[in-house]
Amino acid sequence: MSLKSKYIFFIGVLHLVLIVLIYYVLKESKGIFILSELLILLSIYFSYLLYKALIKPISLMQSGTDAIADKDFSIKYLDTGSKEMDKLVHVFNDMIDQLREERTSMSQQSYFMQNLINATPLGIIILNFDEEISSINPSAKDILQMSNFEKEKKLSDLNIDLAKELSLLNIGEVKLIVINGIDKYKCQMNEVIHQGFKRKIILIDDLSKQLLESEKDAYDRIIRMMAHEVNNSMGAINSILDTVVEFGLSEEKDEELKKSLIIAKERNKGLSKFMANYASILRLPEPNFQQLELSKLLKKSGQLFLPFANENDISIEFDLPEDGPWISGDEVLLEQAISNILKNAIESIVQDGDIIIKCTKNPKGFVITDNGIGISAKNEAKLFTPFFSTKPSGQGVGLMLVRDILQSHKTKFSLKTDPQSKWTSFSVLFSKS
């Protein structure tokens, strides 16, 4: 029973008892009876005033506490006329004003922080106490290539290489994670306490573009300097060799020396060609985008290697749709990239093997698979590093060229060897646009 009900019940019973007693005691004395009844009415009136002075303000304050419980900070009270209650009303109104201002300020800060998190290029993932994803910003979705996001999933449950690496991070750890030998991410995990619970926050900084630009700038300078020095020197040396071979040696006595000089000249030409291969990366033109039928492009590129593959007992199989898919790309550059991929596949097999060229419509892309010697886990992260090659005589130019062409077409690509089947796949996915 509420205090209000108790008060009304008590006053009602008290006055009812008084009325009954007065009736039985003073019913013979009409004057005194009437006077007593007037006193009863006066008592009821004063009880009402007391109700207004005490019980009613308490009811008002009760409604105020209910409003606070409901987080309604718009309610305020007027003065009651009671000095004590008015003081309490003023304190309550001041408290409500302060709570409303703090709530507005916190809402603004929360809105600002949420917009800041959504706008930052850093990927941000927040995990709950059970290490399940509770929040993820757009940048992290793009980095992880998550088209659909479902809350309450662990990173280790996602079929994404980067997500699995992130799940292995320790609190306070900063780590450079390399995916497919191409994409590089600076990742770190921190822990904060929010609403009394510990939460893990993962920050992901995509360094791929920055490192690629720095990388290109570095090897551009080196290659230009080397090409300049080598070409200048080779031109002068070949000119001297031609003069000596033609005029400085007799055909009979110096035949062996003449052959050696011719070999030296050919070696110089080989060195110039060697530098020209590196310089070709610097001369890679901007793509001339046009609509291309990917299946026909793959068929055309694959057929060029059929004679060479047949000579080495290597079969090339085509798993292509009759038409489509249509992509936006540069035909010459893509042919060059596909040719380099096929050339690497053939060289990986060496003798007696299989290559499968497969094309998909949804998503748009292709996969070139071979059962050659494969790629070790140690070398996988270095594949697209400038000048890295697993071949004894390799220059590391082919995959650099493929990388630059595919990146200029905004594709996602990877080169991996399946540990179970031992087949190696070069996968390329074109953007939806």
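Residue-level analysis places PRO321 among those that are more than 22 Å from SER408 (Cβ to Cβ), in the same structural domain as SER414 (by TED's automatic domain parsing) and not acidic (Asp, Glu).
The set of residues from the range 360-373 being in a loop (DSSP other than H, G, I, E, B) and buried (at least 17 other Cβ atoms within 10 Å of the Cβ) comprises LYS364, ASN371, GLY372.
Would you check which residues across the range 71-113 are over 29 Å from LEU50 (Cα atoms), in contact with a helix residue (DSSP H, G or I) (Cβ under 8 Å, 6 or more places away or on another chain) and among the acidic types (Asp, Glu) and list them? The answer is none; no residue qualifies.
Among the residues of the range 325-359, those that are assigned to a strand (DSSP E or B), among the hydrophobic types (A, V, I, L, M, F, W, C) and out of contact with any Phe, Trp or Tyr (no Cβ under 6 Å at 6 or more places or on another chain) comprise TRP326, ILE355, ILE356. Checked against the criterion of being at pLDDT 70 or above, crowded, with 17+ Cβ neighbours inside 10 Å and closer than 29 Å to LYS358 by Cα, the candidates LEU320, LEU304 yield just one match: LEU320. Within the range 345-356, being within 17 Å of PHE318 (Cα to Cα) and without any contact (Cβ under 8 Å) to a residue 60 or more places away in the chain holds for ILE346, GLY353, ASP354, ILE355, ILE356. Scanning the range 335-371 for residues that are modelled with pLDDT of 90 or more and among the small types (Gly, Ala, Ser) returns ALA337, SER339, ALA345, GLY353, GLY365. All conditions in (1) under 21 Å from the mean Cα position of the chain (by Cα); (2) within 20 Å of ARG199 (Cα to Cα) hold for SER110, with the sole exception of (1). Looking only at residues of the range 366-384 that are in contact with a helix residue (DSSP H, G or I) (Cβ under 8 Å, 6 or more places away or on another chain) and among the small types (Gly, Ala, Ser), we find that the one that is farthest from GLU165 (Cα to Cα) is GLY372. What do you reckon, is ILE263 surrounded by 12 or more Cβ atoms within 10 Å (Cβ to Cβ) and modelled with pLDDT of 70 or more? It is false that ILE263 is surrounded by 12 or more Cβ atoms within 10 Å (Cβ to Cβ) and modelled with pLDDT of 70 or more.
Taking the range 114-134 as the range and being surrounded by fewer than 16 Cβ atoms within 10 Å (Cβ to Cβ), in contact with a helix residue (DSSP H, G or I) (Cβ under 9 Å, 6 or more places away or on another chain) and of a type outside the set (Asp, Glu) as the test, the residues that pass are ASN118, ALA119, THR120, PRO121, LEU122.
Within the range 91-113, can one find any residue that is modelled with pLDDT under 80 and exposed (fewer than 10 other Cβ atoms within 10 Å of the Cβ)? No, the range 91-113 contains no residue that is modelled with pLDDT under 80 and exposed (fewer than 10 other Cβ atoms within 10 Å of the Cβ).
The values are calculated or read from the model by the stated rules, or taken from the named source; none is laboratory data. As the structure is a computational prediction, the values presented were derived from the model and not from experiment. So basically every Cβ, Gly included, is an ideal-geometry build from the backbone, and we count neighbours across all protein chains shown.
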